[in-house]
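Have a look at the structure below before the remarks.
Coordinate-derived values only; no laboratory data. Everything quoted here is computed from the prediction, not taken from an experiment. Cβ placement follows ideal geometry from the backbone for every residue including glycine, while neighbour counts extend to all protein chains displayed.
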Amino acid sequence: MSTVEASQPSEVATDTPVLEARNITVRFGGLVALSDVSLSVPSASIVGLVGPNGAGKTTLFGVVSGLLRPNQGDVFLAGKKVTGAAPAKRARLGLARTFQQLELFMGLTVREHVVLGYRVRAQRRRLWSDLFTAGALHPESSDEKERVDHLVKLLGLESVANTAASALPLGTARRVEVARALATGPSIVLLDEPSSGLDGHETAQLGAALRTVVEEEHVSLLLVEHDVAMVLGLSSEVAVLDFGVRIAYGTPDEIRNDPAVRAAYLGDDEAVEGVQTDEKA
Amino acid sequence: MLQFIVVGLVFGSIYALAASGLVITYVSTGVLNFAFGAFAFFIARFYYYIHVEKEWGILASAAVSLLVLAPFMGIFFYMVIFRFLRLSSQLIKVVVTIGLSVVMPVLAEIIFGNDEIFQAPGLAPQPVSVYKWFGTAVTLDQVISYACVIGIVILGFLILRFTEAGLSVRAMVDSEAMTSLSGSNPSRIAAGVWVVSMMLAGLSGILAAPVIGLSSAKYTLLIAAAFAAVIAARLRSLPIAVAVGLLMGVAGSLVQYYLPPDSEVTANIVPAIPFAFVTISLIVNIIRSGRVNEEEGVGGALDRAITPNGGSRLAASADSENLYPKFNFTFPIIIFAFFCILPLLFASYWLSIFVTAIALAVIFLSYTLVTGEGGMLWLCQITFAGVGALASAQFATEHGWPVLLAIVMGGVIAAAIGVVIGLLTIRLGNLYVALVTLTFGLLMERLVFNLQTFANFGQGVAISRPDFASTDKAFAYLGLAIFAIFAILIVNLRRSTTGLALNAVRWSENASRTMGLSVIQMKMLVSGLAAFVAGVGGGLYALSFKQAVPLDYATLLGLVWLAVLVTFGVRSNIAALVAGFMLLMPAAFIQTVLKLDSPWSLMPVLLFGLGAIGLAQNPEGVVRQNAMGFQRMIHKLSGARAVPAATAFAGRHDPRLRPDEPPPAPEPATTPEETAEVSGS
């Protein structure tokens, strides 16, 4: 694990959270995956979500992004209720996400991932008009080129920009997912274990990139990570789930000292304290 | 009524046996065997050969057919073909089995002769004894059918539940990887499963012979109906497959009891019964779980982790991806220019075949769109071609429309149906889509194409070419122009934003949705476009004969077309052109110039079948592979740095395609585990 500095949002958060999950309950048959979980992410901030395996973190991501319907509770994006909205509609409202099990488009290059993300948001009409207007011959607009180049550089993907996603190592592939999510021009990005499979250097690079987008572009991040040190280092607030229940919520310092969290991570004090280790190096 | 149930149970027994054979090979080895009917026919034909033609006794003939030939075929085909398919996409698996379904009847014809056999004995001695049960006549053949199903069900249950072999099979169904780690040999188990499946194919084939005669087409149709039971069983449940198989047989018979005989309605409803079962079972499953996907519940976590690139989640994708990064247009343009010269060189007979080949190539482009670009495994493109042909003949001949407008309208109608089918199958996994579209094609063929308005006693409806293209030469150029327009459309599609989005949807629906793409819209788009191209191609195909004959658009023929196209390359436009040409011209050459009859006239079909089977080793197809070789040669000759094989043809190094080859080396500082993980996403 590597040490990352806490983000200092450059903008004062507005009153309305950019994302709010209220009293979410999800059951899979007899199993309660989430029980009455609430969470809110202020504007231009990083909120961490941690918990042991099976705690319900990815389920909560599924509910927030619209891939799962909760049995109870509601989801709000910038104050607008989207509980029943399709994932594509939520994306158009500014929600983007990455996946713990990578969901790259294996037939596209790295740059094409970012280009598609950009066009889906900024040039949506081209999804159809390209078909009838020889779209394959249209050159990139300067805005598109600038934005795509910026994101490719920000995530350190220049050397593999024209490589097919199927040929990428895991760490690079994770950064492509982040770049693709950011390309859609989101107000909030859900990052599901973005540092998984990254080495220490890559983790630090990713942490710096995430801080940059929060500070410069005022994007909010909801960050699920097994690398607790990274979460505590980056986030302004952290929620802890255990067995589908939110057992703690507060600043990184409060989380470090929370007995319930320590109990949940019994035997993993280093993780809770955010002590730097070299296990990834 | 009892008499109808007795008859229905015979069909039900055959469906049940076939469905069992299909389910066990699917759950154990991941291959849904579209050649099951062809294998059943081959073994039944062998049984007929030794029993009737060589006058062996029933027991000896049955023993040799079911206990020697069937196991041998199981082991042989497993060793030669099926074991290489483990990591292939569903498209390749389906096409390889379609190739086998083409090859087996041809082999049977070469070995046993091409006599049509309308009446063949089953396992009962001739003359067949007839018994009276509750006042109903039951033949010994029928009793044997029931006994076989009951015996197989009991034996299957006992073996699976109480023997070590059964335990191994059940373990492999749950997790091949864990089975392997536990010391069992998955290859041996898989070979055993194929042996059992072949024996079931042989048994159902021999039992079916007295009922339907010995015709490979009838066998394939019979087994296609059994696919409905397989779908109802969600591809995995043996008891449900058996029960639904029996139920379908009885339902088909009872419908004939309740409805007036010799009525067109009755004749139409009976073939629709499997489709009704498919529809009902899919609706029930979708209501219960929201989506029907063959991948659900398949394998354990370890299997998923070690399956390269998510395994068959890639399903209908044409395997080797990487878009078209280094591919230039030199090769396609040279080939197309060559085809443009051919009409000037051909004499009238060859030109008449050439125009049909070009029309066929246009239809093939619809496969390129829906399967090559859209990644959807549709088996009813020929039906859309038929819709286009029949509709344009109606518009042009019956209503006096200009023929080109009529053809466009035919395409529009096909597109509308394509969009509806796309919408109906949106929540289905690829294999289900394949089966549903196959069933839909068969249904259209029986319910719509057979209507007298279109069939006209088998003559079809005449359709005249436009005046400016009335000669074969002019029509050939019209066909080539339409082909070029569609080919350019496809190139533009795959290189535009639309193509990027389509590619995204194909690889990850979840990621596409969460980035704001509408999966439904994208699938509708490719469904509609492909059906339109097929419809227009169908119209051209009819124009090439100047007659729209429904029989030319038989669903099973469409499977052969798909196999031929995939053999040449399903993602290459120029492969569609070459495939259309190669499908017709060599056969005409053998028959006309070499004047060779059967079995030599069957050689092209046999070669295409073998070519499709060869996809197990070379999934990219002939044309694209040679195009890349050509490109490398040009680079070499021009002194430029050759396109490395790994870049130009990444598919060859894709572990999905070549399990025997190592995957490409990962970037430095990346562990093999990490590479496996990214592939497994």
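The table for this structure:
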quantity: Radius of gyration, Dmax [region B:226-276; alpha carbons; angstrom]; calculated: 12.2, 38
quantity: Inter-label distance for A:Ala204 and B:Val593, nm, one decimal - labels placed 7 Å from Cα along Cα-to-Cβ; calculated: 7.1 nm
quantity: Stretchable slack from B:Glu264 to B:Asn114, in nm (0.36 nm times residue separation minus alpha-carbon distance); calculated: 50.8 nm
quantity: Extension reserve of the A:Glu216-A:Ala263 stretch, reckoned as 0.36 nm per residue once the Cα distance is removed; calculated: 13.2 nm
quantity: Range in chain A, longest, excluding exposed trypsin sites (Lys or Arg not before Pro) [loop by DSSP; at most 15 other beta-carbon atoms within 10 Å]; calculated: A:126-281
quantity: Relative intensity, log₁₀ I(q)/I(0), of region B:371-489 from a Debye sum that treats every alpha carbon as a point, q = 0.22 Å⁻¹; calculated: -1.27
quantity: Nearest-0.05 FRET efficiency for B:Val52 and B:Ala347, computed from C-beta distance (R0 51 Å); calculated: 0.65
quantity: Principal axis dimensions, chain A - Cα atoms, whole angstrom, descending; calculated: 61, 42, 39
quantity: Nearest 10 degrees, 0 to 90: helix A:142-154 Cα axis against chain A principal axis; calculated: 40 degrees
quantity: Coarse-grained scattering of region B:2-305 at q = 0.08, 0.14 Å⁻¹, given as base-10 log I(q)/I(0) from a Debye sum over alpha-carbon atoms; calculated: -0.35, -1.09
quantity: Per-selection Kirkwood Rh - region A:82-222 (Cα, Å, 1 d.p.); calculated: 15.5 Å
quantity: Burial ordering of B:Tyr47, B:Tyr349, fewest other beta-carbon atoms within 10 Å first; calculated: B:Tyr349, B:Tyr47
quantity: Nearest-ten-degree value, helix A:110-122 long axis tilted from longest Cα axis of chain A; calculated: 90 degrees
quantity: Estimated vicinal HN-Hα couplings, Hz - region B:102-112 in sequence order (Karplus 6.51, -1.76, 1.60; Gly, Pro = x); calculated: 7, 6, 4, x, 5, 4, 4, 5, 5, 7, 9
quantity: Fewest-first ranking of B:Tyr146, B:Tyr15, using other Cβ atoms within 10 Å as the exposure measure; calculated: B:Tyr146, B:Tyr15
quantity: Region B:188-204 and region A:124-162: distance between their alpha carbon centers, rounded to Å; calculated: 52 Å
quantity: Inverse mean reciprocal Cα-Cα distance (Kirkwood Rh) of region B:113-163, Å; calculated: 13.5 Å
quantity: Spin-label model distance (nm) - B:Thr330 vs A:Ala134, 7 Å beyond Cα toward Cβ; calculated: 2.4 nm
